[in-house]
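Below: one structure, written as C-alpha cells.
The values are calculated or read from the model by the stated rules, or taken from the named source; none is laboratory data. Given the structure is predicted, the values throughout are model-derived calculations rather than measurements. Cβ placement follows ideal geometry from the backbone for every residue including glycine, while neighbour counts extend to all protein chains displayed. Ligands, DNA and RNA are stripped out before the accessible areas are found, and what is left, the full protein with its side chains, is counted by its heavy atoms. Shrake-Rupley method; radii C 1.70, N 1.55, O 1.52, S 1.80 Å.
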Amino acid sequence: MNVSLEGRTYVVMGVANKRSIAWGIARSLHEAGARLIFTYAAERFEKSVRDLVATLEGQDALFYECDVTDDESIENTFEQIQEDVGTIHGLAHCIAFANKEELKGDYLNTSRDGFLTAHNISSYSLTAVARAVKPLMTEGGGIVTLTYLGGERVVPNYNVMGVAKASLDASVKYLAESLGSSGIRVNAISAGPIRTLSAKGVGDFNTILKDIEERAPLRRPTTQEEVGDTAYFLLSDFSRGVTGEMIHVDSGFHIIGR
Ligand code: NAD
C-alpha cells in the first residue's frame, strides 16, 4: 500500500487565511507529497491564498476562483481544472456560510432567506462540487467535507448552521452511495471548535472553546494540524475501505453526556 501522495493531485476548497481549516489540510497533503489545486470564493481572496501557498516549499500549485453559489462557476472551474491537469485524486470541501444574525439567539427566529443561504453554501455545495469533480476522478479517490457536532446535537447559537450540517451529514451518506461504484469515497470530519474567520461569526464562541478544554477527554482544543492529518488519512489509501463515515476530531468531546 502506498500512503505517500507523490504523483497525486488534490483540490482544496476554502482557504481564506492561515487560520482556515482548509490550510491545515493543504499543509498535511503537501507534506505527504501531493500536488495541490486551490479554489477560492472571490478574487479578493486570491492574493492571500497565493501568498500562503508560496510558503509551501516545492509546491507547484494551481489556483482557480469558484463561487459555490453559482452552478456556472463550479462547472467552469472543474472544466478548466480538467483541461489543465486531467485526473484528480481527491477533494477537500471546507466551505460554509450563514448570516451572522442567524448565529445567535433563538433558532425559532431563523428567516427563510437565512435558512436557504446557509443550506445553499454549507450543504448543497458539496453535492454540486461532487458532481462536477466526478469526471476528473478517473482513478477513484476521496472527497472530504467538514462538519460539526451542532448537526447532531443542539449547540447554543449554532442554530441554522447546525441544521445545515445535519443536511451535509446526510449528503455525505447519499453521495457515498452515488459515487461508490466509481471508486470514489465520501467522508466527513467533525472538527472541534477552532478559532477561524467563520467561527468568529458564531455567538459566544469563546464559551464553546473553553468547554472543550475543560470537559473533552483530551482536555485540549482541536488543532488545524489534527484535522489536516485526518483529512490526509481519509484522502489516502490507508482509508480505502472507509466511506459514508464521519470521524470526530474534537479531543473526544462528542462522547461526553453532560
Ligand atoms: P474559514 O472562514 O477559514 O473557511 C470558510 C471558507 O468558506 C472560506 O474560505 C470562505 O471563502 C468559503 N466560502 C464561503 N462562501 C463561499 C462561496 N459562496 N463559494 C466558495 N467558498 C465560500 O473557516 P473554517 O472554520 O476553516 O471553515 C471551514 C469548514 O470547517 C466549514 O465547513 C466550517 O463549518 C467547518 N468547521 C469549522 C469549525 C471551527 O470551529 N472553525 C468546526 C467544525 C467545522
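For region 9-251, the share of accessible area belonging to carbon and sulfur comes to 49 percent (1.4 Å probe, ligands and nucleic acids excluded). Normalised by the number of residues in region 122-258, the average gap of Cα pairs under 8 Å and 6 or more apart makes the relative contact order 28 percent. A 1.4 Å probe run over the chain, with the rest of the protein chains in place, finds 48 Å² accessible per residue. Estimated from helical segments only, the mean residue ellipticity of the chain at 222 nm is -12000 deg cm²/dmol, where each DSSP H run of four or more residues counts as -39500 (n - 2.57).
Run down the lysines and flag those whose C-alpha is under 23 Å from the C-alpha of Lys47, throwing out any fewer than 8 positions away in its chain. Those lysines meeting the cut-off are Lys18, Lys200.
Listed by chain and number, the lysines placed with their C-alpha closer than 28 angstrom to that of Lys173 are Lys134, Lys165; residues fewer than eight positions away on the same chain are left out. Computed over neighbours whose Cβ is under 12 Å from that of Leu52, the net charge equals +3, Lys and Arg +1, Asp and Glu -1. Global dimensions of the chain from alpha-carbon coordinates: Rg and Dmax equal 17.3, 52 Å.
Pairs of Cα atoms under 8 Å, at least six residues apart: use those to get the relative contact order of the chain, whole percent. About 21 percent, as a whole number.
Within straight-line reach of Lys104, meaning a Cα separation under 17 Å, sit the following aspartates and glutamates at least 8 residues removed in sequence or on another chain: Asp113, Asp204. Simple spin-label estimate for Leu116 and Met1 gives 4.6 nm between the two label positions (7 Å along the Cα-to-Cβ direction from each Cα).
The phi torsions of region 218-232, fed into the Karplus equation with coefficients 6.51, -1.76 and 1.60 and a -60° offset, translate into couplings of 7, 6, 7, x, 6, 10, 3, 5, 4, 5, x, 5, 5, 5, 4 Hz, rounded to whole numbers, with Gly and Pro shown as x. Structural descriptor for region 134-208: relative contact order 38 percent, calculated from alpha carbon pairs under 8 angstrom and at least 6 residues apart.
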